[in-house]
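The values are calculated or read from the model by the stated rules, or taken from the named source; none is laboratory data. Given the structure is predicted, the values throughout are model-derived calculations rather than measurements. As a convention, Cβ positions derive from the backbone with ideal geometry for all residues, glycine included, and neighbour counts pool all protein chains shown.
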Amino acid sequence: MPQPSEPLEPWLEELLQSGEGRKLTAKQLKILESAVEVFAEKGYAAASTSEIAQMAGVAEGTIFRHYKTKKELLLSIVTPMMGKLLAPFILNNFNEVLEQDYPTFEDFLRAVLHNRLAFARKHLKIIKILLQEIPFQPALKEQFIEHIGAKIYDRFQLVIKHFQDKGELIEVPSFTAIRFAAFSAVGLFVMHLMLAPDMPWDEEKEIEMTIQLIMHGLAAK
């Protein structure tokens, strides 16, 4: 199958390597790649198929020959691939971090933040789409919870229990602890990579401050 002349996004390369991409024509690959660009930049609601078609170098009718609606195009990027592609792609080398035995919970947080920040920086476009659309697309949310969220949650639950048993963490429901830590981490990524990417940034300092806030909160000692 002919390949686009420019380097593909990492997730599209993974798609081709997985074998799923063999079912796609070169035009479909270009449409998907362009859709990711437009959806990531403008969000689903503001994106138009005419703009996607222009970026892909195809007629708008070509998009509708392959995808009946704009929503079908969006879901074709993420939903059908969530289990076969995106789950292993997102969890790739993250499992190695999660499965290690860390001396302290701070060490665990530090490893997770470094690992996921590097991943988010490399795959920002597809992550932006997921963050933007999961709250508004029930099918996408269900797929994410089933194939990604549940796997990460189960492992985090074991980690929280382990450090609670060691006396490092207070006895709160694991869901509460995971929610607090996860939203602090996601907030770090969103602020740095999406909302204020041009602001001065000391990555190590911000990671350490985030860890300390998770561990000790905002209360003065």
So if I check each of ALA181, ALA196, which one is of a type in the set (Gly, Ala, Ser) and under 22 Å from GLU41 (Cα atoms)?
ALA196
If GLN157 passes every condition in (1) of a type in the set (S, T, N, Q); (2) under 18 Å from VAL97 (Cα atoms); (3) touching a Lys or Arg at 6+ places or on another chain (Cβ under 8 Å) but one, which one does it miss?
(3)
Would you be able to tell me the number of residues in the range 92-128 that are farther than 18 Å from MET191 by Cβ and among the hydrophobic types (A, V, I, L, M, F, W, C)?
7
Filter the range 38-47 down to the residues that are assigned to a helix (DSSP H, G or I) and crowded, with 17+ Cβ neighbours inside 10 Å, then identify the one that is nearest to the chain's Cα centre (by Cα).
ALA40
Tell me which of these LEU86 doesn't satisfy, since it passes every other one: (1) surrounded by 20 or more Cβ atoms within 10 Å (Cβ to Cβ); (2) in contact with a His (Cβ under 9 Å, 6 or more places away or on another chain); (3) modelled with pLDDT of 80 or more; (4) not assigned by TED's automatic domain parsing to the domain that holds LYS42.
(3)
Residue list for the range 48-78, restricted to those being surrounded by 19 or more Cβ atoms within 10 Å (Cβ to Cβ) and either within 16 Å of PHE136 (Cα to Cα) or of a type in the set (Gly, Ala, Ser) (or both):
ALA53, ALA56, LEU73, LEU74, LEU75, ILE77, VAL78
Enumerate the pairs (first residue in the range 186-202 and assigned by TED's automatic domain parsing to the domain that holds ARG116; second residue anywhere and surrounded by fewer than 12 Cβ atoms within 10 Å (Cβ to Cβ) and not in a helix (DSSP H, G or I)) with beta-carbon separation below 9 Å, excluding pairs fewer than 6 apart on the same chain, so at least 6 apart or on different chains.
MET191/MET199; HIS192/MET199
Do we find that LYS205 is exposed (fewer than 13 other Cβ atoms within 10 Å of the Cβ) and of a type in the set (Lys, Arg) in this structure?
yes
Evaluation of ILE214 against (1) surrounded by 17 or more Cβ atoms within 10 Å (Cβ to Cβ); (2) at pLDDT below 85 (one fails), failing number:
(2)
Residues of the range 119-154 satisfying the condition of being more than 26 Å from ALA177 (Cβ to Cβ) and of a type in the set (S, T, N, Q)
GLN132, GLN137
